[in-house]
Amino acid sequence: MGLVNNPLHLLKVGLNNTFEGKEAWQIVTLTTTVVLTTVWLYDFLFQDESIIQRGKKTVFRIAKRIPAVRKKLEDELANISQNFEDDVKERTKDLVYIRSLPLKGLAKEDILNYLQQNLNLGDYNWKGGLVSGAVYYFNNDLIDLVSDVYGKTSYTNPLHPDLFPGVCKMEAEVITITAGLFHGDENVCGSITSGGTESIIMACKAFRDYAREVKGIKKPEIVVPVTVHSAFDKAAQYLGLKVRSIEVSTQTYQVDMRSFRRAINGNTVLLVGSAPNFPYGTMDDISAISELGLKYNIPVHVDSCLGGFLSCFMEDAGYPIPLCDFRLPGVTSISADTHKYGFTPKGSSVILYREKKYRHHQYTVTTDWPGGVYGSPSIGGSRPGGSIAVCWATLLNFGKEGYVEATRNIIHTTMYIEKGLRRMKGIFIFGQPVTSVIALGSEDFEIYRLSTALKERGWNLNVLQFPSGIHLCITHMHTQPGVADKFLEDVKSSLTEIMKNPSEPVEGKMALYGVAQQLPDRSIVGDFTRLFLDSMYYVPPKNNETV
């Protein structure tokens, strides 16, 4: 390119002419350098992570490139992977693995026999109420009902509304019923999804697309408490969202509203609060978040996946809580899992919107496909009509009185256990539980020791981190006679033993969990997790094939 046609040269000449001085180009260059440096420094200093955190990560990342360190890490990961695999081998050592399709179909009796062997693998008595969450209700009469309903609807698919209009009608009725429970008006709408994670992803998609079309936002961000369900992080990974995670108060374990407010900017497409959150069972100040949504014209999502089908009945059960539903004018969507305290079989949740304009952005529509115009409301194309039908049937089976009674029993049991725990020395409860989750920590000993001690007594609790803790999610299973007292007695006796030597370090797998919290590079923890997930798919080598 000739000098005369060089755009940089032309720009330089133009600037010199403009400033009428030989130093104009140097002035602009220096100014540009200063501006860019200032922007870089601002981005470097003011990030979600502190300089110290980023420094630790950088050192760890560099250290991993050293051959000896990398070899050590690879060896440790191989050992961990082998341990996970050995656990599966030990658990299934007496069972048959089916590696290939049988030449001839198996008899019903043989299939049911293999099924029962697989179902017997669990180590915990969840029917007896010794497990945190996971299974929220168990009743043979209800199982008979949903089995009959699913048997009649197992091959239905609402993707084909012309073939199965009755399934679509049942879904619409579930949405209408649920909208009423959360004090929605005639405009509130929604969909049934496969679970809380899909409900959350759908909400994030709807508001991302709404903001892009209506507000022109191309770099969407969501503001959430750090305690919000990890499904929001999954949604962000899938949908290209930036998550601004806000810390919670160390006294209340509710999101810090001052920091929450400061995180809002021109790219914010959604504000989120939990009612309640999973780790501690505390509820964010949904009313304050609703007000921010109205002030800045930003949608507000209330994640009630865990306790929504308790909170909507608690006032009638005699345990009123702060508003966290559509009675707050800023709330634009709510997610609530029917398969938790709605007591439906696994595989159903509800996502609700204040107006149809939001649900329209949840939909996926393809108009130019050779296969025809295609539209689906949620992630799945084909959806199991049987899951919708059993959700519908379960709601009708309980009725409002049934749910109010169950809620009363669950909340009463939660408060009974909480009261008993608060009397014990050596432990504390995180914040104030609002529905059914009680989280425990300790300033006197490694709390994971209590988890290990309770495991030896048959209990399975959830493990928390940042800070270390454990929690019990009370379900209808825990309302059975004697279960709550057994838990309190087992905690008390475990504490008696632990407090004889409170400084003793935690051992076993819980020690690994504790060490993992200290790693500055969380990618190593991610590697652990991937190896654990791999172990779920373990099948022995072909030479061990027995069928």
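The values are calculated or read from the model by the stated rules, or taken from the named source; none is laboratory data. All values derive from a computational prediction rather than experimental measurement. Cβ placement follows ideal geometry from the backbone for every residue including glycine, while neighbour counts extend to all protein chains displayed. When the accessible area is computed, the model is the full protein with side chains, heavy atoms only, and any ligands, DNA or RNA have been set aside. Shrake-Rupley method; radii C 1.70, N 1.55, O 1.52, S 1.80 Å.
Surface exposure of the range 141-245, expressed per residue as accessible area with a 1.4 Å probe, stands at 49 Å². Probing with 1.4 Å while keeping every protein chain in the model, the per residue accessible area of the range 277-407 equals 38 Å².
Site pair Ile177 and Phe428 shows an inter-label distance of 4.3 nm when each label is modelled 7 Å from Cα along Cα→Cβ. Heavy-atom accessible surface of Glu85, to the nearest 10 Å², is about 60 Å², with a 1.4 Å probe and all protein chains retained. The amide H of Lys242, built 1.01 Å from its N in the peptide plane, has Glu221, Ile222 as neighbours under 5 Å, considering only residues 5 or more places off or on other chains.
Note on the range 394-540: Kirkwood hydrodynamic radius from all Cα pairs is 17.3 Å, rounded to one decimal.
Computed from the C-beta positions of Tyr238 and Leu121, the FRET efficiency with R₀ = 51 Å rounds to 0.95. Mean separation of Cα pairs under 8 Å and 6 or more residues apart, divided by the residue count, gives the chain a relative contact order of 19 percent. What angle, in degrees between 0 and 90 and rounded to the nearest 10, separates the Cα long axis of helix 7-19 from the longest principal axis of the Cα atoms of the chain? With rounding to tens, the tilt is 60 degrees. Take every Cα pair under 8 Å whose residues are at least 6 apart in sequence, average their separation, divide by the length of the range 338-497, and the relative contact order is 18 percent.
Plugging the Kirkwood radius over Cα pairs into Stokes-Einstein for the range 338-454, at a temperature of 4 °C and a viscosity of 1.567 mPa s, what D comes out in µm²/s?
69
Simple point charges give the picture: +1 on the Cβ of Lys and Arg, -1 on the Cβ of Asp and Glu, and for the range 327-462 a dipole about the Cα centre of about 260 debye. Mean silhouette area of the range 120-176, derived from the convex hull of its C-alpha atoms and averaged over all directions, reads 6.1 nm². Estimated purely from DSSP H runs of n ≥ 4, each contributing -39500 (n - 2.57), the mean residue ellipticity at 222 nm for the chain is -15500 deg cm²/dmol once divided by its residues. Rg/Rh for the range 201-323 stands at 0.97; both radii use Cα atoms, and Rh follows the Kirkwood definition. Here the 3J(HN,Hα) profile of the range 294-311, calculated from phi with Karplus coefficients 6.51, -1.76 and 1.60 at θ = phi - 60°, is 5, 5, 9, 6, 10, x, 10, 10, 9, 8, 10, 4, 6, x, x, 8, 9, 4 Hz, Gly and Pro shown as x. Computed from point charges on the beta carbon alone (+1 for Lys and Arg, -1 for Asp and Glu), the dipole magnitude for the chain about its Cα centre is near 1320 Debye. Given +1 at the Cβ of Lys and Arg, -1 at the Cβ of Asp and Glu and no other charges, the dipole of the range 99-201 around its Cα centre is 480 debye to the nearest 20. The length gained by stretching the chain between Arg530 and Val96 to full extension, at 0.36 nm per residue less their Cα-Cα distance, is 153.7 nm.
Return the equivalent ellipsoid semi-axes of the range 390-480 as a descending list in whole Å, where each equals the square root of 5 times an eigenvalue of the C-alpha gyration tensor.
For the range 390-480, the semi-axes come out at 30, 14, 12 Å.
Please name whichever of Gly166, Thr252, Gly420 sits farthest to the positive end of the charge dipole of the chain, dipole taken about the Cα centre and charges placed at Cβ: Lys and Arg +1, Asp and Glu -1. Farthest towards the positive pole: Thr252.
How big is the antiparallel share of DSSP beta bridges in the chain, given as a percent to the nearest 5? Antiparallel: roughly 55 percent of the beta bridges in the chain.
Taking a 1.4 Å probe, which of Trp392, Trp369 shows the most accessible area, and what order do the others take after it?
If we order Trp392, Trp369 from most to least accessible, we get Trp369, Trp392.
Annotation: per residue accessible area for the range 445-491 equals 37 Å², rounded to a whole number [probe 1.4 Å, protein chains only]. Counting only protein heavy atoms and using a 1.4 Å probe, what share of the accessible area of the chain belongs to carbon plus sulfur, as a whole percent? Its accessible area is 56 percent carbon and sulfur atoms. Across the range 274-284, coupling constants 3J(HN,Hα) worked out from phi with the 6.51/-1.76/1.60 Karplus curve, θ = phi - 60°, read 9, 9, x, 8, 6, x, 10, x, 8, 10, 5 Hz, and Gly and Pro carry x. Once the gyration tensor of the Cα atoms in the range 73-150 is diagonalised, the equivalent ellipsoid follows with semi-axes of 31, 24, 11 Å, ordered largest first. Among Asp368, Asp325, the order of accessible area from largest down is Asp368, Asp325, computed with a 1.4 Å probe on protein heavy atoms. The 3J(HN,Hα) values that the Karplus relation (6.51, -1.76, 1.60; θ = phi - 60°) gives for the range 102-119 are, in residue order, x, 4, 10, x, 6, 5, 4, 4, 5, 4, 5, 5, 4, 4, 5, 4, 5, 5 Hz. Gly and Pro appear as x.
Hydrodynamic estimate: the Kirkwood radius of the chain over Cα pairs, inserted into Stokes-Einstein at 20 °C and 1.002 mPa s, corresponds to D of 80 µm²/s. Note on Ser259 and Arg65: with the Förster distance fixed at 35 Å, the Cβ-Cβ geometry gives a FRET efficiency of about 0.50.
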